[in-house]
Structure formats: structure tokens, C-alpha cells
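What follows is a short report on a single structure.
The values are calculated or read from the model by the stated rules, or taken from the named source; none is laboratory data. The structure presented is a predicted model; accordingly, all values stated were derived computationally and were not measured. All Cβ positions, even for glycine, are placed from backbone atoms using ideal geometry, and neighbour counts span all protein chains on display. Surface areas here come from the heavy atoms of the whole protein model, side chains and all, with no ligands, DNA or RNA. Shrake-Rupley method; radii C 1.70, N 1.55, O 1.52, S 1.80 Å.
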Amino acid sequence: MFDELGPPPCLEFLHIEGYFGGRLPRWMLSTVASLGRLRILMMKYLPSCTEIPDSLCQLPCLELLQTRLVPLI
């Protein structure tokens, strides 16, 4: 369902909370194209998420990556 959605190219702040998917949406896997301007990424309470891509830490503008209650981290 969320795989069809995507962020605007100017997105600088993203807060994901209470997401029950087994993995993050596909658009988050191609991070350079979809999240190239992202500065702050906060993820909280992702109880079923079994996959968080390493590429999130390689975003060119990322200043803060915060996770809470994410079972894999």
C-alpha cells in the first residue's frame, strides 16, 4: 500500500511512527533519488519492521538519524 506513495523531492524532515509493515516502503530503498535532501529522519515504534536499509545512513544531507523502539536497531 505505501509502496505506491513517495516523498516530494524537497523533503528535509521525515518522522515515521507506528508503522506496522515488515519492511520500509520501496521508495525508501532508492534513497538518493527519493530522499536526497533529507536532513532529519526519525523512526519510532516500528514493531514489525524486519528490514532497514543501510543506505539511509549514506544520505548526502542527513544530519540526524534517530530511532526508538525499532527491534532491529
> Using just the C-alpha positions of the range 22-70 as equal point scatterers, what log10 of I(q)/I(0) does the Debye formula give at each q in 0.17, 0.26, 0.30 1/Å?
Replying inline: -0.48, -1.07, -1.26
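Any idea of the accessible area per residue across the chain, 1.4 Å probe, to the nearest Å²?
Values: 4690 Å² over 73 residues.
Averaged over the residues of the chain, the accessible area is 64 Å².
So if each residue of separation counts as 0.36 nm, and I subtract the Cα-Cα distance between GLU12 and THR50, what length gain in nm does that give?
In short, 11.2 nm is gained.
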>> At 1.4 Å probe size, what's the solvent-accessible area of ILE52? Round to the nearest 10 Å².
In response: 40 Å²
> Say each of PHE20 and GLN58 gets a label point 7 Å from the Cα, pointing the same way as Cα to Cβ; how far apart are those two points in nm?
Replying inline: 3.3 nm
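From Cα pairs below 8 angstrom and at least 6 apart in sequence, can you work out the relative contact order of the chain, rounded to a whole percent? Mind dumping the intermediate values first?
Values: 136 pairs, mean separation 24.6, N = 73.
Relative CO of the chain lands at 34 percent.
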